[in-house]
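The values are calculated or read from the model by the stated rules, or taken from the named source; none is laboratory data. Keep in mind that this is a model prediction, so the values were computed, not measured. Cβ atoms come from the backbone with ideal geometry, glycine included; neighbour counts cover every protein chain shown. When the accessible area is computed, the model is the full protein with side chains, heavy atoms only, and any ligands, DNA or RNA have been set aside. Shrake-Rupley method; radii C 1.70, N 1.55, O 1.52, S 1.80 Å.
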Amino acid sequence: MMSLGLRLAEHIHGHLGWLSTLALFHPAVLLRSRPRRALLAAALATGLVTLTGMIGVGLYPAYRTLLKPSIFAAAPAVGNAFERKEHLAMAVVALAWVGLLAHWAQCRDQGLAPRLSRIAFVAYAGAAALATVSAVLGVVVAVQRSF
């Protein structure tokens, strides 16, 4: 029987993953067309994504020892999907931080605002797209096996 704490952390991670995915679309939409200030939306989305990623990193050692062998034995394609999910999730966190830093810099330096605004938009749009794929892959794996 798996630990109740691991199961709870897994559920929290999964739900926060979907909330983070939705949250990333907000700054992407706000920053899509022109330089504007959306620091609160950007910071909250990036913070939520970072928290979700930290929980995932904390779960990884238990996943590696308790779940990964049985997932790969029963369904190697699902195991490989989870490996891709992890990589995508790290890219999501990195892109969110690029978006936040570019947006913060855009708010401070109006001379570079159009270029930095575009970088922030592309980073958040990319993060939102990759987060969606990562969240879907997480559900596929959870259906196969969980704590």
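Some notes on this structure:
- Projecting the Cα atoms of A38, P76, W97 onto the charge dipole of the chain, computed from C-beta unit charges around the Cα centre, puts A38 farthest toward the positive end.
- Estimated purely from DSSP H runs of n ≥ 4, each contributing -39500 (n - 2.57), the mean residue ellipticity at 222 nm for the chain is -29500 deg cm²/dmol once divided by its residues.
- Net charge in the neighbourhood of V133 (other residues with Cβ under 15 Å of its Cβ; Lys, Arg +1, Asp, Glu -1) is 0.
- Largest GNM mean-square fluctuation among V122, V57, V78, using the chain with Cα springs under 10 Å: V57.
- Solvent-accessible area of L40 with every protein chain in place, 1.4 Å probe, in Å² to the nearest 10: 130 Å²
- Considering only L116, V133, M54, and ranking their Cα positions along the charge dipole of the chain that arises from unit charges at the beta-carbon of Lys, Arg, Asp and Glu, the one farthest toward the positive end is L116.
- Placing +1 on each Lys and Arg Cβ and -1 on each Asp and Glu Cβ, with no other charges, gives region 58-142 a dipole about its Cα centre of roughly 60 debye.
- A Cβ-based charge dipole, computed about the Cα centre of the chain with Lys and Arg at +1 and Asp and Glu at -1, lands at about 360 debye.
- Global geometry of region 79-136, whether rounded, prolate or oblate, following the gyration tensor of its Cα atoms and the 1.5 cut on a/c: prolate
- Surface accessible to a 1.4 Å probe, per residue, for the residues of region 25-147, Å²: 52 Å²
- At 1.567 mPa s and 4 °C, Stokes diffusion of the chain via Kirkwood alpha-carbon radius, µm² per second: 82 µm²/s
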